[in-house]
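Here's the structure, in structure tokens; my notes come after.
No lab work stands behind these numbers, since they all come straight from the coordinates. Keep in mind it's a predicted model, so treat the numbers as computed, not measured. Cβ: placed from backbone, ideal geometry, glycine included. Neighbour counts: every protein chain shown.
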Amino acid sequence: MQQTDEKATIIIGDQQIELPVLIGTEGHKSIDISRLFEEYGITTFDPSLGSTSMCQSTITYIDGDKGILRYRGIPIEQFDRPKPNFIEVAWLLIFGYLPTRQELNEFRDLLTANEMLHEELRDQFNNVPPKSPPMAILSAMLSQLACYYEKFLPLGDDDLFIEAAGRLISKARTIAAYSYRRSKGLPYIYPDPALRYCANFLHMMFSIPYQQYIIGEEIEDAMNLVLILHADHEQNCSTSAVRVVGSAKANLFASCAAGVSALWGPLHGGANVEVMKMLEAINSGGMDPKDCINAAKDKDNPYKLYGFGHRVYKNYDPRAKILRAAADRVFARQKINDPLLDIARQLEEYALNDSYFIDRKLYPNVDFYSGILLRAIGIPTNMFTVIFAMGRLPGWIAQWKEQHDNTTQKIIRPRQLYVGKKLNDYVPIGER
Ligand code: SDX
């Protein structure tokens, strides 16, 4: 971050306050108000932080107007390549550079060495009701990792951090698969150390005793791509939650468990499930695409066109474009025609030609096509947000580490604008 020679001036009554103006790599300017309250007793008001930079970061860059997304400067489109590699991107996000072959192999070995759960932790899956929401299980089990891997909780030791990060990324995958197996009343399948990250996940999801699930190359590639596209997205709701919790020096497991809880919301990571419900309602004849569009436009109706709109993108989410093309590829190779893809395209066509959506710059976001591709991979709808969390883990870890390594970072504690009662007195109950 660089300070410019420019100043921002705030004039309140006869008070004139000059503030520094900072500038980011791509020319974005930000007024430094960090000392405003301390020096002038004044705060700014921005309830959803939509106009507030809560940190400086080198991890992900988004230009919402141009539909640009880059991980450590690399455009997201460049990860849509033959043999996409989620673990390579995880390393890039966390450590800031693409790994050498040796580094990648060593990281893979760390993940493989930590793919199993402690047997007591695995047994705990039998204590949750079978119909438990997988996101509730994921959040609870990530927090539980602190019970079994206490030695990785202290902060400040880089070797411990890498060990903790590897455990988290690897075990989250096993926890995700086991939450699915629990919901189906199926036996838990041990991870296979001979398989790579995504293949091992699909093995634990779909193999049955004495019959290994055969993973097609295009399915493994599609799974890697889905996780890569969800890996980070700068200061979204769940990443901000991870930063806030981490700013209190909470450990990595607890901070990422907080991220899972935030991601569960239907306005955030839970939207991919809502998109599928919407598409299935249309496919079953319960709704017409036009009904969806009209309901979404009706101010008296809380209905939203899920998978559309974004806090930052006021253009097509570049991830949605890649996911849509990947869904086409997988369906073509599998020679299947999913009616939900046709319905999604029809909805997109209606919305992108409707002034309500055009005027508000509402375009498809990552969640609009991700569910269709996950369905093609064979992932059930109730697991979609869990997959989102698996993908987002390296981003949460990278952002948590970046904040932790910033020695000037203080605990995040926003102010408020109090609009409650003036001075008041307690009234004993007998006099009320
Ligand atoms: C993710 O932040 C991230 O980076 C998140 C994410 C990530 O990778 O981490 O990209 C992942 O969360 C993607 C978003 C998934 N959520 C959805 O698809 C849910 C549906 N979308 C909306 O809820 C909404 O678009 C939000 C929450 C995503 C964004 O909300 P904003 O930017 O605050 O938009 P807004 O509420 O200010 O809306 C502006 C106008 C409003 O109408 P007016 O009051 O101006 O008349 O657009 C309308 C809104 O009612 N609007 C929609 C709409 N989204 C916004 N109307 C109908 N359907 C929608 N989907």
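Annotations
- Projected onto planes of every orientation and averaged, the convex hull of the alpha-carbon atoms in segment 10-55 covers 3.9 nm².
- Computed from backbone phi, the HN-Hα couplings of segment 107-114 come to 5, 4, 4, 4, 5, 5, 5, 10 Hz, rounded to whole numbers (Karplus: 6.51 cos²θ - 1.76 cosθ + 1.60, θ = phi - 60°; Gly and Pro given as x).
- In nm, spacing of pseudo-spin labels at Asp298 and Asn424 (7 Å Cα→C-beta vector): 3.9
- Amide H contacts of Ala8 (H built 1.01 Å from N, under 5 Å, at least 5 apart or other chain): Leu19, Val21
- Debye log10 I(q)/I(0) for segment 354-418, one point scatterer per Cα, at q = 0.11, 0.20 Å⁻¹: -0.56, -0.87
- In terms of overall dimensions, the C-alpha atoms belonging to segment 73-136 reach 44, 25, 21 Å along their principal axes, ordered largest to smallest.
- Percent breakdown of C-alpha pair distances by 10 Å bin, ordered from the shortest bin, for segment 125-175: 23, 49, 22, 7
- Listed by chain and number, the lysines placed with their C-alpha closer than 20 angstrom to that of Lys401 are Lys151, Lys171, Lys249, Lys410; residues fewer than eight positions away on the same chain are left out.
- Flagged links, alpha-carbon separation over 25 Å, of Lys131/Lys277; Lys297/Lys335; Lys66/Lys335; Lys131/Lys299: Lys297/Lys335; Lys66/Lys335; Lys131/Lys299
- Were the residues from Tyr350 through Asp157 laid out at 0.36 nm apart, the gain over their Cα-Cα distance would be 64.2 nm.
- Vicinal HN-Hα couplings computed from phi for segment 392-399 (Karplus, 6.51 cos²θ - 1.76 cosθ + 1.60; Hz; Gly/Pro x): 7, 3, x, x, 4, 5, 4, 5
- Residue-count net charge about Ile68 - beta-carbon cut-off 13 Å; Lys, Arg +1, Asp, Glu -1: -1
- Separation between Cα centres of segment 144-209 and segment 359-383, rounded to whole Å: 25
- Scaled to the globular estimate 2.2 N^0.38 Å, the Cα spread of the chain, given as radius of gyration, is 1.06.
- With helices as the sole contributors, the chain gives -15500 deg cm²/dmol at 222 nm; each DSSP H run of n ≥ 4 counts as -39500 (n - 2.57), and the sum is divided by every residue.
- Computed from backbone phi with θ = phi - 60° and the Karplus coefficients 6.51, -1.76 and 1.60, the 3J(HN,Hα) list for segment 361-372 is 6, 9, 10, x, 10, 3, 7, 6, 10, 5, x, 5 Hz; x is used for glycine and proline.
- Rounded to two decimals, the Cα-based Rg/Rh of segment 93-215, with Kirkwood Rh, is 0.98.
- Label-reachable residues, segment 412-432, where backbone N falls under 14 Å from a point 7 Å from Phe37's Cα toward its Cβ: 412-419
- Residues Tyr350, Tyr180, sorted so that the one with the fewest Cβ neighbours within 10 Å comes first: Tyr350, Tyr180
- Euclidean distance of C-alpha centroids, segment 263-323 and segment 22-76, integer Å: 27
- Summarising the amide proton neighbourhood of Ile31: residues at separation of 5 or more, or on other chains, whose placed amide H is nearer than 5 Å comprise Leu22.
- The fraction of all Cα pairs in segment 244-286 landing in successive 10 Å bins from 0 to the largest distance is 27, 30, 22, 14, 7, 0, given as whole percents.
- The mean of 1/r over all pairs of different alpha-carbon atoms in segment 34-170, once inverted, gives a Kirkwood hydrodynamic radius of 18.9 Å.
- Computed on segment 122-190, with alpha-carbon pairs under 8 angstrom and 6+ residues apart, the relative contact order is 43 percent.
- Between Cys147 and Thr44, the modelled label-to-label distance comes to 4.3 nm, taking each label 7 Å out from Cα in the direction of the beta carbon.
- Taking the C-alpha atoms only, the angle from helix 237-247 to the longest principal axis of the chain is near 70 degrees.
- Applying the criteria of a DSSP loop state and at most 15 other Cβ atoms within 10 Å to the trypsin sites (Lys or Arg not before Pro) of segment 353-417 yields Arg360, Lys361, Lys410, Arg415.
- Electrostatic dipole magnitude of the chain [Cβ: Lys, Arg +1; Asp, Glu -1; Cα centre; debye, to 20]: 700
- Mean Cα-pair separation over length for segment 85-217, i.e. relative contact order, pairs under 8 Å, 6 or more apart, %: 24
- Furthest towards positive pole of dipole, Ala250, Asn272, Val226, structure part segment 215-307, Cβ charges: Ala250
- Positive-end extreme of charge dipole, segment 297-432 - chosen from Thr381, Ala332, Asn424 (charges on Cβ): Asn424
- The length gained on full extension between Asn127 and Gln2, counted as 0.36 nm times the residue separation minus their Cα-Cα distance, comes to 39.7 nm.
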